[in-house]
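Reviewing the structure listed below.
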Amino acid sequence: MRAFCPRCRSRIYDAPYCDMGGLLALVITALLLYFPANLMPILEIDLVGNLRQTTVLHGAMVVMEQGFVLVGLAVLVAGVIAPLLLLLSILTQLTLLRIGKGRDLLRWLLLHHPTLDQLSMVEIYMISLFVSIFKLVDIADLTYGWGTLCYILLFVLTFYVQYEYNRELMWQHYDEIYGD
């Protein structure tokens, strides 16, 4: 949010990050989309009469079953577990700041936020989904469902949450409330 003087166009107000209420709304919306995005089929593939549906979780399990355990675990952590933990961490931080309790937990979450931020890679799964679609579109009939829409929206919202989250601002709120 920015405000400029209508006469001279100089900057009067500049707040590059949304307020805590706006961030809370983004996180709750992302969490509401998280479960259908990960539980509903993202893609239905019809290859010569053989119909298969896939979810992110199922994709990770199939990769592990084929002997690529580390790759499957990486997909599971980066595409399923870490995004959920990241969103829950931010939700918990915002809640604790709002109620003014849980000082030690909030400090721990703020200290470990960069790790969750680095592990959460929904965008990698989106890229692999687009590559798969590009390669399969010529040889199979593809059907996109509600899971596809939810996962794309989850990707956009998670990206936006990460963009709007300001760790230094969270530390400032922490210092204001707890006086450390």
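The values are calculated or read from the model by the stated rules, or taken from the named source; none is laboratory data. Source: prediction; values computed, not measured. Cβ: placed from backbone, ideal geometry, glycine included. Neighbour counts: every protein chain shown. Side chains are part of the model used for accessible areas, which takes the heavy atoms of the whole protein and leaves out ligands, DNA and RNA. Shrake-Rupley method; radii C 1.70, N 1.55, O 1.52, S 1.80 Å.
Worth pointing out:
- Global size of the stretch 9-72: 20.4, 64 Å for Rg and Dmax (C-alpha atoms, Rg to one decimal, Dmax whole).
- Expressed per residue, the C-alpha convex hull volume of the stretch 58-126 stands at 88 Å³.
- Here the stretch 42-154 has 69 percent of its accessible surface on carbon and sulfur atoms, given a 1.4 Å probe and all protein chains in place.
- Å² per residue, accessible surface of the stretch 35-104 at 1.4 Å: 55
- The chain: equivalent-ellipsoid semi-axes (sqrt of 5 x gyration tensor eigenvalues, Cα, Å): 38, 21, 13
- For the chain, the relative contact order works out to 32 percent when only alpha carbon pairs closer than 8 Å and six or more residues apart are counted.
- About its Cα centre, the dipole of the chain is roughly 520 debye, where the only charges are +1 on Lys and Arg Cβ and -1 on Asp and Glu Cβ.
- For the stretch 1-86, trypsin sites (Lys or Arg not before Pro) are listed when DSSP marks them as loop and at most 15 other Cβ atoms sit within 10 Å of their Cβ; the list is 7, 9.
- Largest-first ordering by accessible area, 1.4 Å probe, given options 149, 109: 149, 109
- C-alpha center-to-center spacing [the stretch 126-177, the stretch 45-69] in angstrom: 21
- Dipole of the chain, positive direction: furthest Cα of 75, 93, 151, with charges on the beta-carbon: 93
- Each of 25, 66, 134 was placed along the dipole of the chain (beta-carbon charges, centred on the mean Cα), and the one lying farthest toward the positive end is 25.
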